[in-house]
Amino acid sequence: MNGMFQFLFDEDVTGYKFIVPSVSIGNVGQLALDILIATVRPEKWAFAWHPALVPIVGGDPYDYSSNSLATACELYLSKERKLIFLQLRSPLVKEHGKDFLLKLSKWIEEKKFSEVLILASLAAYERFGPQLTGHPFRYLTTSSQVDPEISKWGPALEKKQFELGGKRSEDFVMIGSGFAKQLFKSCSSAGVESTVLMKFCDEGFNDTDANQLASFANAWSRILSADSKWRLPPSWSHLVGNGPPTGIF
């Protein structure tokens, strides 16, 4: 990938599934990936550097006893389940985001993954027509075979009609979903089977949304058995900070 990834070990990942979050409303995709990684417990495979990534560093969010550091963009690999997770811990710098996604999509194509799964959220206040009632989940996929059970979660994303230059048109509107649509188009254009799983959300304390999106991803890709319970990363214990000091009462 033009040197963007620094791999910790070599591995042939042909046929693996690749799961990536889009930085979107409430960071729900990233939080859902946190749950998946904490539960599956994959190995750290690589870390990335690119001008689009805001540099960050911290302790391992999944294991407090580890001496490993966490950075803005990392790859995790599960040989047992043939899964690759890409976790993003910072937004993409606008001026360099296009180049990052271009290189990422080319790398995905080179690795010959069986499927790319993009986890994202949509702005709840932008729901329209049939989206105003019913299920808060949507999917967009290139697959011609969708498990009928997925209908219990929600329908395929609807197109929105609008007028442009006096002409009627329609397209998928994914406000708040970050780069999900762009990466989906790049991968599908390259012939890679691709899917975006989405949930309508608002900004706030989005742990429940993340839990539900992780469950939707599990229903779609059968990562774990249906009766499996999610593990939350220990770093989540700091999501809301400490309680108020007792001395103020």
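The values are calculated or read from the model by the stated rules, or taken from the named source; none is laboratory data. All of these numbers come straight from a predicted model, not from anything done at the bench. Heads up, the Cβs are rebuilt from the backbone with ideal geometry, glycines too, and the neighbour counts pull from every protein chain shown.
Quick check on region 208-220. Is at least one of its residues outside any helix (DSSP H, G or I) and closer than 25 Å to Phe18 by Cβ? There is no residue in region 208-220 that is outside any helix (DSSP H, G or I) and closer than 25 Å to Phe18 by Cβ.
To keep it simple, each residue is scored yes or no on (1) part of a helix (DSSP H, G or I); (2) among the aromatic types (Phe, Trp, Tyr); (3) in contact (Cβ under 8 Å) with a residue 12 or more places away in the chain; (4) within 23 Å of Val196 (Cα to Cα).
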position: Ala38; (1), (2), (3), (4): yes, no, yes, yes
position: Trp45; (1), (2), (3), (4): no, yes, yes, no
position: Leu75; (1), (2), (3), (4): no, no, yes, yes
position: Phe85; (1), (2), (3), (4): no, yes, yes, yes
position: Leu102; (1), (2), (3), (4): yes, no, yes, yes
position: Ala120; (1), (2), (3), (4): no, no, yes, yes
position: Tyr125; (1), (2), (3), (4): yes, yes, yes, yes
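Got at least one residue in region 168-186 being over 14 Å from the mean Cα position of the chain (by Cα), among the β-branched types (Val, Ile, Thr) and either in a strand (DSSP E or B) or over 30 Å from Leu132 (Cα atoms) (or both)? Within region 168-186 (the criterion being over 14 Å from the mean Cα position of the chain (by Cα), among the β-branched types (Val, Ile, Thr) and either in a strand (DSSP E or B) or over 30 Å from Leu132 (Cα atoms) (or both)), the answer is no, since none of the residues qualifies. Selection of region 189-207 for residues being within 30 Å of Trp107 (Cβ to Cβ) and assigned to a loop (DSSP other than H, G, I, E, B) yields Ala190, Gly191, Val192, Glu193, Asn206.
Of Leu132, Leu69, all but one fail to be more than 18 Å from the chain's Cα centre (by Cα), at pLDDT below 95, aliphatic (A, V, I, L, M) and closer than 22 Å to Ser177 by Cα; the exception is Leu132.
Residue by residue, here is whether (1) of a type outside the set (Phe, Trp, Tyr); (2) more than 19 Å from Phe85 (Cα to Cα) holds:
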position: Leu197; (1), (2): yes, no
position: Asp202; (1), (2): yes, yes
position: Ala214; (1), (2): yes, no
position: Ala219; (1), (2): yes, no
position: Ile223; (1), (2): yes, no
position: Ala226; (1), (2): yes, yes
position: Pro234; (1), (2): yes, no
position: Phe249; (1), (2): no, yes
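Any idea which of Arg231, Arg222 is without any contact (Cβ under 8 Å) to a residue 40 or more places away in the chain, of a type in the set (D, E, K, R), out of contact with any Cys (no Cβ under 9 Å at 6 or more places or on another chain) and under 24 Å from Ser78 (Cβ atoms)?
Arg222
Total residues in region 123-154 satisfying the condition of being at negative phi and touching a Lys or Arg at 6+ places or on another chain (Cβ under 7 Å): the figure is 3. All conditions in (1) over 16 Å from Arg222 (Cα atoms); (2) under 20 Å from the mean Cα position of the chain (by Cα) hold for Val146, with the sole exception of (1).
Conditions tested, residue by residue: (1) aromatic (Phe, Trp, Tyr); (2) buried (at least 20 other Cβ atoms within 10 Å of the Cβ).
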site	(1), (2)
Phe172	yes, no
Gly176	no, yes
Leu183	no, yes
Cys187	no, yes
Val196	no, yes
Phe200	yes, yes
Ala210	no, yes
Ser215	no, no
Ser221	no, no
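For region 197-211, enumerate the residues that are in contact (Cβ under 8 Å) with a residue 60 or more places away in the chain and not charged (D, E, K, R). Matches in region 197-211: Leu197, Met198, Phe200, Cys201, Gly204, Asn206, Ala210, Asn211.
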